[in-house]
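Please read the structure below before turning to the comments.
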Amino acid sequence: MKPELPIQAVNECRCVMLVDDEAMVREATAQWLSICGFHVVSLSSAEQALAQLDEGWPGVLLTDVRMPGMDGLALMREVHNRLPGLPVILLTAHGDVDMAIGAMHEGAYDFIEKPYVPDRLAETLQRACDKRRLTLENRRLQRDLASRSGLAGKLIGISPAISRVRDEILMLGQLNTNVIIYGETGTGKELVAQCLHEFSPRSAKPFVPINCGAIPENLIESELFGHEAGAFTGASKRRIGKFEYASGGTLFLDEIESMPANLQVKLLRALQEGVIERLGSNQPIPVDLRVVAAAKVDLREEEGFREDLFYRLCVSELHLAALRDRLDDVPLLFAHYVAQAATDHQREPRPLSDHDICALQSYAWPGNVRELKNVAIRFALDHRSSAAELLSRGLAPLVTPRINQRSLPLAVQVDEFEAQVIRLSLRTHKGNIKAVMEELDLPRRTLNQKMQRYGISRSEFVPEEPA
């Protein structure tokens with residue numbers, strides 16, 4: 001029968017399966033580890049441990065070496081065979097040190113001599129638990145990525161913001177209406193437009209993107225509507241424009257706020273009447289398409305953008321959150337792009353450490369998903385640099401505080417930095433006050449005072465328990 005484990009111990013991977021045939025030693029060790037904040041499952045034999053361990057065990061195995069029946073070494077070998085990656089720590093008598101060193105070569109995480117120093121045992125177990133938490137987190141990320149299909153496999157994330165966008169795409173995809181997508185540079189506006197097309201009745205027809213800000217003003221009309229041979233210098237033959245090519249499908253107009261005023265009039269006419277004319281021709285050509293436009297600014301407030309064109313385009317709107325506002329998605333997105341880059345370059349995908357994840361979720365991401373993808377590719381190919389080191393070469397600040405610190409007095413800058421460090425530690429340890437005290441070397445009372453001073457609540461960082 002498997003043990004019932006507290007949710008907090010599971011989330012933090014602070015579980016220890018203790019195996020020792022000596023009842024007094026087992027009870028004393030379990031008591032000490034409980035005081036240190038570990039959840040302990042005490043067992044008297046290796047066989048009992050094997051019956052209760054599984055690949056999801058949220059912690060480590062601590063076992064005596066010399067036991068009747070299956071000894072600790074045999075238990076370690078069997079665990080490594082069944083559950084690769086589970087840290088095993090051996091408790092050894094003084095005369096067993098040579099044997100324990102040999103066990104390290106076989107994959108033991110560490111060994112502790114009896115009589116053990118309590119603090120050293122707790123520290124070793126904490127490091128092993130951190131390693132186990134990292135292993136399980138990386139497995140979860142890989143499972144999440146592998147299990148995602150359809151829209152969830154294209155728009156990756158678990159945050160409420162990206163879930164809302166997926167829901168809106170599925171709803172708007174079935175409507176034959178024009179859409180404006182708003183979002184900062186790099187938030188994935190074109191990808192969202194592609195999803196709108198793919199999850200619509202128009203998916204069998206072309207998706208045609210055009211960047212209104214990247215085409216010279218004297219060529220954009222030809223790009224959109226096409227031209228006849230001889231329509232202008234250099235037009236040696238007829239050319240089909242984007243409108244005509246996209247007929248039946250979806251035309252994506254990126255950076256539409258940069259569209260010249262004279263072309264806005266022609267775009268409006270084409271949308272209203274459903275016909276276009278190639279340059280150099282008077283022949284009307286009917287077109288049937290859906291227009292998805294994208295902008296970095298609110299077109300209602302954009303000087304020079306026609307109001308009547310705005311209302312023709314803005315039947316529906318989609319707003320994409322900046323990456324700094326959906327940091328829960330960062331590890332999953334990063335792991336996805338690391339795996340993608342590793343496959344493209346025939347490399348083994350690199351796992352993310354706790355420090356990497358913490359750094360990724362503490363970065364402001366001014367370039368949004370585009371910047372994240374760039375860092376992920378470098379991380380996948382540069383095995384010498386951690387994610388934190390790669391980010392330190394950038395220019396963006398940490399997510400908090402979002403202020404111009406140079407304009408503040410030194411004392412205020414110090415306070416802001418101290419508050420940021422406390423928030424970072426709370427996020428890393430998921431609200432575990434004891435772990436934060438140890439990491440920052442602060443007494444409980446001092447930490448409480450500082451949290452109260454900076455308006456920091458532990459509850460913001462504690463994972464929600466499942467209903």
Problem - Elements of type strands (runs of 3 or more DSSP E) in the stretch 29-126, at least 1 residues being aromatic (Phe, Trp, Tyr) and free of Cβ contacts under 8 Å to residues at least 60 places away in the same chain - result: 110-113
Problem - Cβ-Cβ under 6 Å pairs, at least 6 apart or on other chains, the stretch 417-433 side over 14 Å from ILE357 (Cβ atoms), far side charged (D, E, K, R) - result: GLY431/ARG458
Problem - Matching residues, the stretch 13-24, being over 33 Å from the mean Cα position of the chain (by Cα) and free of Cβ contacts under 8 Å to residues at least 60 places away in the same chain - result: LEU18, VAL19, ASP21, GLU22, ALA23, MET24
Completion exercise
Residue count, the stretch 442-467, condition under 13 Å from GLU418 (Cα atoms), assigned to a loop (DSSP other than H, G, I, E, B) and at pLDDT 80 or above, comes to 2
Problem - Matching residues in the stretch 186-238 - criterion: being free of Cβ contacts under 8 Å to residues at least 60 places away in the same chain, under 28 Å from the mean Cα position of the chain (by Cα) and assigned to a loop (DSSP other than H, G, I, E, B) - result: PHE199
Exercise for the section: Determine, yes or no, whether ALA295 is in contact with a helix residue (DSSP H, G or I) (Cβ under 6 Å, 6 or more places away or on another chain) and closer than 30 Å to ALA388 by Cβ. Expected result: no
Fill in the blank from the handout: Subset of the stretch 279-299, residues among the small types (Gly, Ala, Ser) and either under 26 Å from SER200 (Cβ atoms) or surrounded by 18 or more Cβ atoms within 10 Å (Cβ to Cβ) (or both), comes to ALA293, ALA294, ALA295
Exercise for the section: Starting from the stretch 249-277, take each residue that is farther than 17 Å from LEU219 by Cα and of a type in the set (A, V, I, L, M) and list its partners that are open to solvent by 10 Å² or more (accessible area, probe 1.4 Å) and in a helix (DSSP H, G or I), counting only C-beta distances under 7 angstrom and pairs at least six apart or across chains. Expected result: LEU251/LYS242; LEU268/ASP308; LEU268/ARG312; LEU271/ARG312
Completion exercise
Residues of the stretch 337-385 being under 16 Å from the mean Cα position of the chain (by Cα), closer than 23 Å to ARG133 by Cβ and among the polar types (S, T, N, Q), in sequence order, are SER353, GLN361, SER362
Handout entry: Selection from the stretch 305-320 of residues that are outside any helix (DSSP H, G or I), in contact with a helix residue (DSSP H, G or I) (Cβ under 7 Å, 6 or more places away or on another chain) and at pLDDT below 95
Key = PHE305, ARG306, SER316
Exercise for the section: Scan (1) of a type in the set (A, V, I, L, M); (2) at pLDDT 90 or above; (3) assigned to a loop (DSSP other than H, G, I, E, B) for the single condition ALA161 breaks and write down its number. Expected result: (3)
Exercise for the section: Among the residues of the stretch 5-38, write down those that are open to solvent by 50 Å² or more (accessible area, probe 1.4 Å), in contact with a Lys or Arg (Cβ under 9 Å, 6 or more places away or on another chain) and modelled with pLDDT of 90 or more. Expected result: ASP21
Exercise for the section: Could you look through the stretch 334-382, keep only residues that are in contact (Cβ under 8 Å) with a residue 60 or more places away in the chain and more than 19 Å from LEU136 (Cβ to Cβ), and pick out the one that is surrounded by the most Cβ atoms within 10 Å (Cβ to Cβ)? Expected result: VAL369
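The values are calculated or read from the model by the stated rules, or taken from the named source; none is laboratory data. Because the structure is predicted, anything quoted here is derived from the model rather than measured. Don't worry about glycine lacking a Cβ; one is built from the backbone with ideal geometry, like all the others, and counts go over all protein chains shown. Each accessible area value is taken on the protein alone, full model and side chains, heavy atoms only, with ligands, DNA and RNA left out. Shrake-Rupley method; radii C 1.70, N 1.55, O 1.52, S 1.80 Å.
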